[in-house]
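Notes follow the structure.
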Amino acid sequence: MANVLNRTTLQYLEYVNTPDYDHSEWIINPDLANVQNMPPEQWVINSDDTVRPMTNDEINSKFLSSTILTKQTAADFYYKNTILNNGWMYSFTDSTNTVHTNLYDCDPTAQSNVNAMVTSAVVAGSNFPSDFVWRTKTNDYVPMSGNDVIMFGLAMMTYVTTCMGLCWRHKDILKNMTDVTTINEYDFTAGYTSIPGHPTT
């Protein structure tokens with residue numbers, strides 16, 4: 001019985017029947033002391049069959065592009081599936097001087113609904129229904145005039161586009177990075193809580 005490491009794929013198998021593994025394709029009982037806690041894709045087999053970790057330059061050469069893309073994808077996912085799904089806070093004062101501060105949806109469906117209602121408010125003008133209400137993310141109902149709806153729509157799109165712009169800036173920063181370790185440590189969630197309207201602002 002032995003442990004074996006494939007010379008090409010770096011697949012590592014434990015407690016195998018040694019005769020079943022050709023030495024030309026497999027290293028028998030490799031010493032992996034130098035690559036403990038490192039992923040196999042970052043192992044290098046030397047000519048004497050010792051195994052060493054990749055240098056930082058080797059890691060950057062092999063994994064830089066894919067690491068950037070993975071991190072950018074994660075940044076985009078965070079914006080679309082966390083930031084937008086968490087909603088946004090909006091406060092306004094209605095015609096009776098009542099202040100309404102609530103959490104509202106701002107996901108793509110909500111954006112479409114708001115845009116449609118803003119269009120209706122603009123078209124209706126003074127004929128906009130006086131009993132119109134908008135449902136919040138917490139299922140409360142807030143009365144809004146036509147002008148309130150228009151201002152609500154403008155404010156929501158400002159919040160959404162500001163968050164989108166921050167996401168793009170994170171992705172641009174990642175695009176220009178040159179070190180895999182630094183890329184992996186980059187925090188693409190930073191900055192959102194300082195945007196007016198963020199639920200924790």
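None of the figures in this text is laboratory data; all of them are computed from the coordinates on show. A quick note: this is a predicted structure, and the numbers were derived from the prediction, not measured. Counting neighbours? That spans all protein chains shown, and the Cβs are built from the backbone with ideal geometry, glycine included.
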| said: Taking θ = phi - 60°, what integer Hz values does the Karplus form 6.51 cos²θ - 1.76 cosθ + 1.60 yield along the range 150-166, in sequence order, with x for Gly and Pro? | reply: 4, 5, 4, x, 5, 5, 5, 5, 5, 5, 4, 5, 5, 5, 4, x, 5
| query | Amide H to amide H, which residues 5 or more places from residue 137 or on other chains are under 5 Å from it, using H placed in the peptide plane? | reply | 103, 104, 105
| remark: As straight-line cross-link partners of residue 137, the qualifying aspartates and glutamates (C-alpha separation under 20 Å, not fewer than 8 residues apart within one chain) are 94, 105, 107, 148
| task | Can you tell me the FRET efficiency between residue 175 and residue 46 if r is taken as the Cβ-Cβ distance and R0 is 41 Å, rounded to the nearest 0.05? | result | 0.75
| remark: Sequence order, the range 33-40: Karplus ³J(HN,Hα) from phi using 6.51 cos²θ - 1.76 cosθ + 1.60, θ = phi - 60°, Hz rounded, Gly and Pro as x, gives 4, 7, 10, 4, 6, 10, x, x
| task | Express the Stokes-Einstein translational diffusion coefficient of the chain in µm² s⁻¹, to the nearest whole number, given a Kirkwood radius over alpha-carbon pairs, 20 °C and a viscosity of 1.002 mPa s. | result | 100 µm²/s
| message | Give me the dipole magnitude in Debye, nearest 20, for the chain about the Cα centre, with unit charges on the beta carbon: positive for Lys and Arg, negative for Asp and Glu. | response | 800 debye
| Taking amide hydrogens as modeled 1.01 Å from N in the peptide plane, which residues meet the under 5 Å criterion relative to residue 87, leaving out close sequence neighbours? | 106
| Most positive-pole-ward Cα, 116, 83, 132, against dipole of the range 83-194 from beta carbon charges | 116
| task | Note down the nm distance, to one decimal, between modelled labels 7 Å out along Cα→Cβ at residue 73 and at residue 115. | result | 2.7 nm
| query | Ranking 76, 20 by Cβ neighbours within 10 Å, fewest first, what do you get? | reply | 20, 76
| message | Stokes-Einstein diffusion coefficient for the range 83-194 at 4 °C in a medium of 1.567 mPa s, Rh from the Kirkwood formula over Cα pairs: what value in µm²/s? | response | 81 µm²/s
| field | Normalised contact order of the range 83-194, rounded percent, pairs of Cα under 8 Å and 6 or more residues apart | value | 21 percent
| task | Grab the Cα-Cα distance for residue 185 and residue 7, subtract it from 0.36 nm times how many residues apart they are, and report the gain in nm with one decimal. | result | 61.0 nm
| task | Among the aspartates and glutamates, select those whose C-alpha is under 12 Å from the C-alpha of residue 62, and discard any that sit fewer than 8 residues away in the same chain. | result | 41, 179
| remark: Least to most buried among 92, 77, 128, by other C-beta atoms within 10 Å and fewest first, runs 77, 92, 128
